[in-house]
């Protein structure tokens, strides 16, 4: 069952709705504006799932091409950002299945997110210790190893929640699963990450 909570992410703004309306009427500049707005976020999403810049660039072109072809069928029942994220996640997961292997997820592009997001550190260490006690490079290396062991589905929810900063209800809408499933997948994935980081973070 889909959650009924309306997402609060900025991507669900009236500005998006106006751009979509114009693009549906054939205004290509309006769609270009949407592409510019969402390219940075979607690049981060796809790259963290594929760990390959060339694959990411190719997938982004395919994602926006599919969005453009499908735009007339977008009825506005969800926000545009939920819709475009769903396309991006589904196409990336299909690509990973075809590739037939789990690529390591690199967190090099989100150093600042790790430094500045205490919630992420709390979830992965479960002890609330600060990063002052941790060698950040070793932390990243171990996170890469842990993320690579997750299934595609579990890596997806971790990427959406911990890297992209989306809420449980937003992820549920994007993946077409219940919030309970999102929470259980995050719990499982965080336990694995916690295990890999446990010996790096020392209690005071």
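Quick rundown of the values:
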read-out: Coarse-grained scattering of the range 10-99 at q = 0.11, 0.14 Å⁻¹, given as base-10 log I(q)/I(0) from a Debye sum over alpha-carbon atoms; value: -0.29, -0.47
read-out: Cα→Cβ-extended label distance, 7 Å offset, between residue 94 and residue 54, nm; value: 2.2 nm
read-out: Sorted by Cβ neighbour density within 10 Å, fewest at the top, the residues 151, 178, 79; value: 151, 178, 79
read-out: Cβ-derived FRET efficiency at R0 45 Å, residue 21 paired with residue 144, nearest 0.05; value: 0.60
read-out: Relative contact order (%) - criterion: Cα under 8 Å, at least six apart; region: the range 10-99; value: 37 percent
read-out: Chain lengthening between residue 61 and residue 198 when straightened (0.36 nm per residue, less Cα-Cα); value: 45.4 nm
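Throughout, read-outs are computed from the coordinates displayed, never taken from laboratory work. These numbers come from a predicted model, not from an experiment. Methodologically, a virtual Cβ is constructed for each residue, glycine included, from the backbone with ideal geometry; neighbour enumeration extends over all protein chains shown.
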